[in-house]
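The values are calculated or read from the model by the stated rules, or taken from the named source; none is laboratory data. Just so it is clear, the structure is predicted and the values come from calculations on it, not from any experiment. No Cβ is skipped: glycine too gets one built from the backbone with ideal geometry, and neighbour counts run over all protein chains shown.
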C-alpha cells in the first residue's frame with residue numbers, strides 16, 4: 001500500500017482531528033539550534049541546507065525529524081521503529097528526535113535511557129521549535145531533504161500496524177527520484193588551508209589560549225605553531241616601536 005494511502009487511512013478515522021501543516025512542502029524548513037541531552041548545541045544546518053561547518057560535516061543528509069515526549073504513549077511505540085530504521089538507513093539519512101518535555105533534560109535524559117535511544121535527542125523545553133513546525137499532536141514527523149526543504153509532514157501520527165521503516169524508506173526513495181540524488185560514496189572532508197589555520201592560531205593566541213589548546217584546535221605541528229608565535233611577537237614589537 002502506498003505511503004500516502006496509509007496516511008489517508010489515519011486521517012479518515014472517526015473523531016480524528018486533522019491538523020493542517022503550516023509549512024508548505026518544497027519550501028525551506030525552519031532552521032533551529034537546540035541543546036542535545038549530552039550538552040552539545042545542534043542545528044538543522046549541521047545536516048542539510050547550507051551547512052554551518054563544512055569542515056565538520058561535508059556530506060549533506062536527508063533528515064527524519066520526530067517530535068516526542070516522555071508522557072506520549074504513541075511516541076513510545078514509534079521510537080523503537082525509528083531507531084530500527086536508523087540502524088539500516090543509508091548513511092545520508094539522519095534521524096533526529098526532539099523532546100518537548102517541559103522539564104527539559106530532566107525528563108529527556110531518563111527517557112532516552114529508558115527507550116534505549118541511540119539517535120540524536122534534542123531538547124525543545126519551551127516549545128519554540130515545536131511551534132515553528134506547527135506541531136500540535138505527538139508524535140509528529142517531518143522529512144527534510146538535503147537542500148533543507150520540507151518534503152513530508154505527518155502531524156497526526158501513523159496507524160497502528162504500519163511498517164514505519166518500510167514506509168519511510170519508500171518515501172525517501174521518492175524524494176531521491178524527485179531531486180535526482182543517489183546514495184553517494186563518502187566525500188573527503190574539506191580541510192582548512194594553511195592560511196586559515198594560521199589565522200585561527202593567531203586568533204586563539206591573542207585570546208589567551210595556551211600552546212597545547214592551540215595545537216589541539218588547529219591541528220598545527222609544534223614547529224608550525226612556534227613559527228607563527230615568533231611572527232606574531234615580531235609584529236607586536238614592530239607596533240610597539
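A few remarks follow.
- Residue 110 being closer than 22 Å to residue 35 by Cα and in contact with a helix residue (DSSP H, G or I) (Cβ under 6 Å, 6 or more places away or on another chain): no
- Boolean, residue 39 is assigned to a loop (DSSP other than H, G, I, E, B), assigned by TED's automatic domain parsing to the domain that holds residue 92 and either under 23 Å from residue 85 (Cβ atoms) or at pLDDT 95 or above (or both): no
So that you can scan it fast, the table gives a plain yes or no per residue for (1) without any contact (Cβ under 8 Å) to a residue 12 or more places away in the chain; (2) touching a helix residue (DSSP H, G or I) at 6+ places or on another chain (Cβ under 8 Å); (3) in a loop (DSSP other than H, G, I, E, B); (4) surrounded by fewer than 20 Cβ atoms within 10 Å (Cβ to Cβ):
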| position | (1), (2), (3), (4) |
| --- | --- |
| 74 | no, no, no, yes |
| 81 | no, yes, no, yes |
| 91 | no, no, yes, yes |
| 106 | yes, no, no, yes |
| 118 | no, yes, yes, yes |
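- Boolean, residue 157 is within 17 Å of residue 69 (Cα to Cα) and assigned to a loop (DSSP other than H, G, I, E, B): yes
Yes/no matrix, rows are residues, columns are (1) out of contact with any helix residue (DSSP H, G or I) (no Cβ under 9 Å at 6 or more places or on another chain); (2) modelled with pLDDT under 95:
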residue: 1; (1), (2): no, yes
residue: 8; (1), (2): yes, yes
residue: 21; (1), (2): yes, yes
residue: 34; (1), (2): no, no
residue: 51; (1), (2): no, yes
residue: 54; (1), (2): yes, yes
residue: 60; (1), (2): yes, yes
residue: 68; (1), (2): no, no
residue: 71; (1), (2): no, no
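- In this structure, residue 128 qualifies as surrounded by fewer than 21 Cβ atoms within 10 Å (Cβ to Cβ) and under 19 Å from residue 23 (Cα atoms).
- Any hit, segment 133-148, residues being free of Cβ contacts under 8 Å to residues at least 12 places away in the same chain, over 23 Å from residue 89 (Cβ atoms) and more than 15 Å from the chain's Cα centre (by Cα): no
- Inside segment 191-213, residues that are assigned to a loop (DSSP other than H, G, I, E, B) and either crowded, with 16+ Cβ neighbours inside 10 Å or modelled with pLDDT of 75 or more (or both) make up a count of 3.
- Yes/no for residue 162 being touching a strand residue (DSSP E or B) at 6+ places or on another chain (Cβ under 7 Å), under 19 Å from residue 72 (Cβ atoms), at pLDDT 80 or above and assigned to a loop (DSSP other than H, G, I, E, B): no
- Any hit, segment 47-62, residues being crowded, with 19+ Cβ neighbours inside 10 Å, assigned by TED's automatic domain parsing to the domain that holds residue 165 and part of a strand (DSSP E or B): yes
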